[in-house]
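A.B. asks: Dropping a structure here in structure tokens format, bear with me for questions.
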Amino acid sequence: MRVSSQVAPEEVIHEVRQFVRAELIGRQTDLDTSREIPFPIHEKFRGIGLANWWLPEDLGGRGLGLEQGVDIVSELAYGDAGVAFTAFISVLGTTMVSLYGGEDTRRAFLAPLAGRGGFCATLGSEQAAGSELARITTTATLDGDELVVSGEKFFSTNADFADFLVVIARRGEDHAEHVAVILPRDTPGIRMRRRWSMIGLRSSGTYQVSLDNCRVPAANALEGSGLRLLEIGLNASRVLIAATGVGVARCVRDLCMEYGRRKSLGGGKLAANQVFGAKLADMEMRISAMRDVCRTAAREFDAVMAGPDPAGAFLGHGTLKSAITAKMFCGQAGWAIAAAGSEMFGGLGYTDELMIGKLLRDMRHVSIIEGGDDVLRDLMYRRYVVPVAKRI
Ligand SMILES: Cc1cc2nc3c(=O)[nH]c(=O)nc-3n(C[C@H](O)[C@H](O)[C@H](O)COP(=O)(O)OP(=O)(O)OC[C@H]3O[C@@H](n4cnc5c(N)ncnc54)[C@H](O)[C@@H]3O)c2cc1C
């Protein structure tokens with residue numbers, strides 16, 4: 001059934017749960033081992049009207065807020081974190097285009113994405129620069145009324161099958177300046193060098209990409225510093241990465257409960273054991289706190305988006321403290337849950353026989369991508385601890 005545009009938030013979540021039950025539950029091991037990107041599943045998600053659910057209504061999208069996105073992603077990731085990741089990571093690039101592309105650019109790139117339910121990829125990371133993005137070497141050089149983009153990008157999710165790529169580059173004319181440029185996927189010179197074999201999120205696709213003299217109209221450059229725009233887009237995607245951790249953690253908890261009810265111990269069942277109960281209570285506490293930090297961050301993001309000048313306001317804010325808090329907290333709390341969960345199954349928890357191994361591997365990415373915890377600690381310290389006025 002297609003979710004109509006005027007339905008209540010709880011009905012949207014109900015639809016997503018039904019979708020997850022029908023399309024993902026029971027197929028997780030296949031999704032993990034086959035390493036295929038399950039396009040038919042994404043097509044069915046588009047069929048219920050929720051592909052790219054955040055795209056603005058004036059462009060034909062659903063216009064759902066990030067707070068609702070937290071619950072949608074938690075449900076999808078309960079089914080499969082890789083499917084969730086593929087479905088939401090376009091939010092990073094599209095947020096930049098939506099806020100900092102001119103009206104013609106927004107219409108040209110986002111309206112088709114809203115209509116067809118396609119994908120967008122963001123290309124920031126480079127091998128040598130690592131998380132020091134100011135050191136990237138990809139360039140975008142003006143040539144008449146075109147930009148010529150060249151460089152090597154180390155990781156980019158969805159790049160192979162995206163409708164367009166948002167590339168972060170240095171300005172060829174002034175290496176101190178950075179820019180974000182839109183490259184339609186069929187631009188000559190874009191080459192996938194390889195698809196990475198990841199230990200988790202295996203139903204998603206992340207690629208190493210070469211850009212060789214890719215020519216696009218100069219109007220494809222977004223307005224503002226590419227690095228600042230990336231920071232702003234990351235506010236949305238980091239919160240949804242954190243929400244993926246919530247979904248995976250909920251799945252770990254339910255798997256442990258099922259096991260506890262089956263496993264015999266001391267003449268009864270493991271689920272009746274107090275030590276087991278205490279561990280599950282800790283999991284529940286962490287899951288509640290994880291969901292709360294995600295919702296708090298999402299509400300702050302949504303409030304800025306609902307203001308009179310979100311593009312200007314975000315240029316002032318840059319990275320939201322609540323977004324990095326959500327990602328760091330969910331990565332760490334989620335890892336504690338996945339680790340406790342994997343111990344719960346004894347030796348079987350260390351085999352490929354049970355889904356807990358997949359969940360452990362899937363959970364790992366939350367603390368690594370879009371700024372590993374050390375990078376975010378450093379950011380938090382410099383921006384929100386050193387300046388006394390920013391402390392709570
Ligand atoms: C599944 C997956 C999907 C991805 N998708 C994309 C994508 O779509 N687009 C994209 O651009 N990138 C993507 N990436 C890249 C990802 O965002 C980076 O890998 C991640 O941010 C970590 O950066 P890095 O690999 O450069 O490692 P680094 O950050 O360089 O880390 C290497 C080591 O240096 C340490 N370190 C780095 N900085 C500091 C610091 N300031 N203080 C202390 N220690 C530090 C780290 O702790 C770590 O030990 C993806 C990666 C993965 C795994």
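A.B. asks: Name the pairs: first residue in the stretch 26-39 and at positive phi, second residue outside any helix (DSSP H, G or I), Cβ to Cβ under 8 Å, at least 6 apart or on different chains?
C.D. replies: Matching pairs, first to second residue: 35/197; 35/202; 35/203.
A.B. asks: Mind listing whichever residues of the stretch 182-225 are within 14 Å of the ligand (Cβ to nearest atom), of a type in the set (Val, Ile, Thr) and in a strand (DSSP E or B)?
C.D. replies: Result: 206, 209.
A.B. asks: Something else about it: Restricting to helices (runs of 4 or more DSSP H) lying wholly in the stretch 290-392: which have 2 or more residues that are within 14 Å of the ligand (Cβ to nearest atom) and either assigned by TED's automatic domain parsing to the domain that holds residue 132 or exposed (fewer than 15 other Cβ atoms within 10 Å of the Cβ) (or both)?
C.D. replies: Numbers: elements: 310-317, 321-344, 356-364, 373-380.
Answer list for the stretch 290-392: 373-380.
A.B. asks: Test residue 85 against the criterion of being surrounded by 22 or more Cβ atoms within 10 Å (Cβ to Cβ), part of a helix (DSSP H, G or I), at pLDDT 95 or above and within 16 Å of the ligand (Cβ to nearest atom), and give yes or no.
C.D. replies: On the way: surrounded by 22 or more Cβ atoms within 10 Å (Cβ to Cβ): yes; part of a helix (DSSP H, G or I): yes; at pLDDT 95 or above: yes; within 16 Å of the ligand (Cβ to nearest atom): yes.
Spelling it out, residue 85 is indeed surrounded by 22 or more Cβ atoms within 10 Å (Cβ to Cβ), part of a helix (DSSP H, G or I), at pLDDT 95 or above and within 16 Å of the ligand (Cβ to nearest atom).
A.B. asks: Please work out if residue 169 is under 18 Å from the mean Cα position of the chain (by Cα), in contact (Cβ under 8 Å) with a residue 40 or more places away in the chain, within 13 Å of the ligand (Cβ to nearest atom) and open to solvent by less than 30 Å² (accessible area, probe 1.4 Å). It would help to see each step written out before you state the result.
C.D. replies: Numbers: under 18 Å from the mean Cα position of the chain (by Cα): no; in contact (Cβ under 8 Å) with a residue 40 or more places away in the chain: yes; within 13 Å of the ligand (Cβ to nearest atom): yes; open to solvent by less than 30 Å² (accessible area, probe 1.4 Å): yes.
Criteria not met by residue 169.
A.B. asks: Moving on to the next point. Does residue 164 qualify as being within 14 Å of the ligand (Cβ to nearest atom) and in contact with a Pro (Cβ under 6 Å, 6 or more places away or on another chain)?
C.D. replies: Details: within 14 Å of the ligand (Cβ to nearest atom): yes; in contact with a Pro (Cβ under 6 Å, 6 or more places away or on another chain): yes.
Yes; evaluated as a whole, the condition is true for this residue.
A.B. asks: Specify the residue that is most open to solvent (accessible area, probe 1.4 Å); the eligible residues are those in the stretch 23-38 that are in a loop (DSSP other than H, G, I, E, B) and of a type in the set (Val, Ile, Thr). It would help to see each step written out before you state the result.
C.D. replies: Of the stretch 23-38, the ones in a loop (DSSP other than H, G, I, E, B) are 24-27, 35-38.
Still in the running and of a type in the set (Val, Ile, Thr): 25, 37.
On the way: 25: 75, 37: 22 Å².
Top of the filtered list is 25.
A.B. asks: Would you please name the residue that is farthest from the ligand (Cβ to nearest atom), looking only at residues in the stretch 122-137 that are closer than 15 Å to residue 225 by Cα and surrounded by fewer than 19 Cβ atoms within 10 Å (Cβ to Cβ)?
C.D. replies: 134
The values are calculated or read from the model by the stated rules, or taken from the named source; none is laboratory data. Keep in mind that what you see is a predicted model, and the values were worked out from it rather than measured. So basically every Cβ, Gly included, is an ideal-geometry build from the backbone, and we count neighbours across all protein chains shown. Note: accessible area is taken over every heavy atom of the protein model, side chains too, but ligands, DNA and RNA are not part of it. Shrake-Rupley method; radii C 1.70, N 1.55, O 1.52, S 1.80 Å.
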